[in-house]
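Right, one structure below, let's go through it.
Every number here is computed from the coordinates shown, using simple stated rules; none is lab data. Since the model is a prediction, treat every value here as computed from it, not as a measurement. Virtual Cβ from ideal backbone geometry, glycine too; neighbours counted across all protein chains shown.
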Amino acid sequence: MDNPNEQQIRFRTIIEILGKPKEHIEKALVKYIEQIKEDDNFMILKEDYAETKPQDKLFSKFVEVEMISKSLPAMIGFCFDYMPSTMEIIKPEELKLKMNDISSLLTDLQARLHKVDMVAKSFKAENDFVKKNMNLLTTNLVMLLLKSRKLNLQNLSKFTGINEKELEPFLEKLINDNKIKKEEGLYSLT
């Protein structure tokens, strides 16, 4: 962090973590901060950990960190790499950037955004594939169960492992697709 050509930036940030079990998120947040301390682009001046709090069935914990970044590009990289909740620049009050620095910064920003976009699209494609195949498997399972006898919602739920509230709309779709029918609370093949 001793390069005189780079403008150091002092900032305050909050990094949050959500998950379970409680002990895991507490250790993970400390490990996260230790990882930042090992990065030559940053110097941590102060860290203030909040108490772990329950949030629904999970736990949340955050740490407020005051630190120095060796440059604006390093600080922007920090935002992508560590995903803080907030960022507050303390010093300097003004940043002087050369046109080449801005171009490099924007190019790096675009590369990172494209990488995030590729990951998001990949996860979406995988998710769509899993959902489609899960629907096909569930349809096949329901059809096999109903092949030998009529079943009510409770039994179909028990045999498929899908709770009644989630299974019922699925069964309604199968009825609308004319694959099964429902008479007097019992489902059967059409």
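Brief remarks on what is shown
- Helix-only mean residue ellipticity at 222 nm for the chain, each DSSP H run of n ≥ 4 adding -39500 (n - 2.57), per residue, nearest 500: -18000 deg cm²/dmol
- For the chain, the longest principal axis of the Cα atoms and the long axis of helix 164-176 meet at an angle of about 60 degrees.
- Kirkwood hydrodynamic radius (C-alpha pairs) into Stokes-Einstein, the stretch 132-189, 10 °C and 1.306 mPa s, D in µm²/s: 143
- Against the chain, whose longest principal axis comes from its Cα atoms, helix 72-82 is set at around 30 degrees.
- Computed FRET value (nearest 0.05) for Ser103 with Leu136, which takes r as the C-beta separation and R₀ as 41 Å: 0.25
- The stretch 147-173 versus the stretch 55-89: alpha-carbon centroid distance in Å: 46
- The value for the stretch 9-116 of Rg(Cα) / (2.2 N^0.38 Å) is 1.19.
- The angle between the Cα long axis of helix 22-38 and the main principal axis of the chain comes to about 30°, on a 0 to 90 degree scale.
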